[in-house]
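Novice: Got a structure here, written out as C-alpha cells. Questions coming.
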Amino acid sequence: MSKFEEKFVKSRVKLLKKSPFFGTILLHTEYELTDSIETAATDGTILLINEEWMCSQTEDNFNGVLLHETLHMALCHIDRTKDLSDIMLANIAADIIVNGIIKDNSISLPKEAIYDDDLKHLGVREIYSILKEKQQENKDYISEKYGDEAVNECLKKKGDSASGEESKVSNKSKWEDVINKAKTVAKMRQAGVKGSGMSRVFKELLDPSINWKDALYRYVTASRADFEGYDRRFIHDQLYIDDVGGNRVHVAAFVDTSGSVDEKLLQEFLSELFFAINSMRGTTGHLYYFDTELYPQGNIEDLDGVPKPVGLGGTSFVPIMAELDSLSNHNPHVNTVGIIYTDGYAPMTWKEPETSLLWCISPGGIKNEVIKYGDVVRISE
C-alpha cells in the first residue's frame, strides 16, 4: 500500500466517524494517481491526484482536499458549467460553493483555498454571473478579491468532462445513488454533521410516509433542489448542496389569526416552517399574521421565536394575493412562494396570483376541493 493509499483509507475512516454523510460519499470515490497535474483535480468522474503534493498536506488539509474534489463530482459541476465561456470564473464559482460547504462543517482547507462568505449560498451559475460582472467593471477584481495563487490554481483546472451525453446521465445517476446511500447511513447513525436538526432532516427526507410536516418542508425546499431530491440545504445547518437553477427563494408565510386557529398547533406549524426556511441557505422568508388585513411580523430567518398572534378579526385572502403579486413584481429574479395557514373559511373571491401557493388547512377546515388555486395539505393534530 502506497503512502497515499494509507492516508486515503485513514481519511475516509476519520470522515466516516465525524460525518457519516461525507464519509460514505468518499467510500464510493475513485481516484487516479498522476503527475500530469500539480495538485488535485477531477474530470467529473474520478479524482486526479498528484501523490507527492497530496501526501505533503497536513491530515486535516488532506481530508479537505479530498472532500473538495469529491463534492465537485457529486454536484456534477463540470457538466453543469461546461457551456460557460470563462473556465476560470466557472472554476472559482464552483470552488466557492464546495469550500463553503467544507468550511461550514469545520473541515480544514489549504490556506490558499477560495472562500467567499457572501456568495457561498448561491448557485454556481449565479455566482459565475456575479463574478463576470465584477470582472467587467474591474479587470483585476478576481485577483484582488481571491489572490493570485488561488486564481492561478483555477486557471490550471480542466473544464472537460469525460463524457458524452450517455456518460453524463450515468455519472449523475451514480451520484444520486451514492447520495441516497449516504442519507441512509446518516439516518441510521443520526450523526455526522454538526448543527441543530441534522438528524431530523435526514429522517424527513428518507421517511417514505408523507405527513404535513414533510410536505411543508419539501414544498419550501423543492424549488432549490439539486440533483433529483438532494437539496442544497441538504445540509441543514452546515451541510448543503448547490442548486441547479441558481434561483433564490423567498417564502411569504401568512397565518390566519382570526380566532379559530389552535394556538398550540399554530406554534408547531410555525416551528416547522422556521426549520424549513432556516435549513436552506439562500432562502428567505417573511411572516405575516392576517385577518382582514396583513400584520407583518418580520423576516423568518431573524425571528428568535414565535411572535404573539395579533389580529383576531374576520378573514380575507384578498390582501394576501395582492401582497404575493407585489412581491413577485418587485423581485422578478426571486422565486416567491406563498404559504397560507388557515381554516379557509372566507370568501374565495380573489384573483389568482402568479406565485406558487400552498394552503395548510387546520383541523376542521374547509374541504380541499373548495380551494380555487394552489396545492393543499391538511394539518393534523
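The values are calculated or read from the model by the stated rules, or taken from the named source; none is laboratory data. Model, not experiment: these values are computed from the prediction. Positions of Cβ are generated from backbone atoms using ideal geometry, with glycine treated the same way; all protein chains shown enter the neighbour counts.
Novice: Do we have Glu176 as surrounded by fewer than 20 Cβ atoms within 10 Å (Cβ to Cβ), at pLDDT below 65 and assigned to a helix (DSSP H, G or I) here?
Specialist: Numbers: surrounded by fewer than 20 Cβ atoms within 10 Å (Cβ to Cβ): yes; at pLDDT below 65: no; assigned to a helix (DSSP H, G or I): yes.
Here the answer is no, as Glu176 does not meet what is asked.
Novice: Before we move on, is Leu294 more than 21 Å from Ala276 (Cβ to Cβ) and touching a helix residue (DSSP H, G or I) at 6+ places or on another chain (Cβ under 9 Å)?
Specialist: Against the criterion (more than 21 Å from Ala276 (Cβ to Cβ) and touching a helix residue (DSSP H, G or I) at 6+ places or on another chain (Cβ under 9 Å)), Leu294 qualifies.
Novice: Looking only at the range 360-367, decide whether some residue is within 26 Å of the chain's Cα centre (by Cα) and surrounded by 15 or more Cβ atoms within 10 Å (Cβ to Cβ). Write out each step before concluding.
Specialist: Of all residues in the range 360-367, those within 26 Å of the chain's Cα centre (by Cα) come to 360.
After this cut, where a residue has to be surrounded by 15 or more Cβ atoms within 10 Å (Cβ to Cβ) as well, the list is 360.
Yes: the range 360-367 contains one or more residues that are within 26 Å of the chain's Cα centre (by Cα) and surrounded by 15 or more Cβ atoms within 10 Å (Cβ to Cβ).
Novice: Same structure, new question: Being at positive phi, in contact (Cβ under 8 Å) with a residue 12 or more places away in the chain and in contact with a strand residue (DSSP E or B) (Cβ under 6 Å, 6 or more places away or on another chain) narrows it down to one residue among Gly338, Gly364, Gly344; which is it?
Specialist: Among Gly338, Gly364, Gly344, only Gly344 is at positive phi, in contact (Cβ under 8 Å) with a residue 12 or more places away in the chain and in contact with a strand residue (DSSP E or B) (Cβ under 6 Å, 6 or more places away or on another chain).
Novice: Give the range 304-318 a look and list any residue that's more than 12 Å from Ile340 (Cα to Cα) and not β-branched (Val, Ile, Thr), or say none.
Specialist: The answer is Asp304, Gly305, Pro307, Lys308, Pro309, Gly311, Leu312, Gly313, Gly314.
Conditions (1) under 22 Å from the mean Cα position of the chain (by Cα); (2) at pLDDT below 90; (3) of a type outside the set (S, T, N, Q), marked per residue:
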position: Glu38; (1), (2), (3): no, yes, yes
position: Asn50; (1), (2), (3): no, no, no
position: Ser56; (1), (2), (3): no, no, no
position: Glu59; (1), (2), (3): no, yes, yes
position: Asp79; (1), (2), (3): yes, yes, yes
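Novice: Out of the residues in the range 88-111 meeting the condition of being over 10 Å from Ile127 (Cα atoms) and of a type in the set (A, V, I, L, M, F, W, C), tell me which one is farthest from the chain's Cα centre (by Cα). Lay out the reasoning, then the answer.
Specialist: Quick first cut of the range 88-111, residues over 10 Å from Ile127 (Cα atoms) only: 88, 91, 95, 98-111.
With of a type in the set (A, V, I, L, M, F, W, C) added as a condition, the list becomes 88, 98, 101-102, 107, 109.
On the way: Met88: 24, Val98: 12, Ile101: 10, Ile102: 14, Ile107: 19, Leu109: 21 Å.
Applying the filter and picking the extreme gives Met88.
Each row is one residue, and each column tells you yes or no for (1) more than 21 Å from Lys172 (Cβ to Cβ); (2) of a type outside the set (A, V, I, L, M).
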position	(1), (2)
His68	no, yes
Ala74	no, no
Asn99	yes, yes
Asn105	yes, yes
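Novice: Next question. So for the range 128-137 (the condition being modelled with pLDDT under 90 and either in a loop (DSSP other than H, G, I, E, B) or of a type in the set (Val, Ile, Thr) (or both)), does at least one residue qualify?
Specialist: no
Novice: Can you name every residue in the range 42-51 that is over 14 Å from Asp79 (Cβ atoms) and buried (at least 21 other Cβ atoms within 10 Å of the Cβ)?
Specialist: Residues satisfying the conditions are Leu47, Ile49.
Novice: Among the strands (runs of 3 or more DSSP E) confined wholly to the range 291-381, which include 3 or more residues that are more than 18 Å from Leu265 (Cβ to Cβ)?
Specialist: Qualifying strands (runs of 3 or more DSSP E): 294-299, 334-342.
Novice: With respect to Lys103, is the statement that it is out of contact with any helix residue (DSSP H, G or I) (no Cβ under 8 Å at 6 or more places or on another chain) and in a loop (DSSP other than H, G, I, E, B) true? Lay out the reasoning, then the answer.
Specialist: Working: out of contact with any helix residue (DSSP H, G or I) (no Cβ under 8 Å at 6 or more places or on another chain): yes; in a loop (DSSP other than H, G, I, E, B): no.
So Lys103 fails the test.
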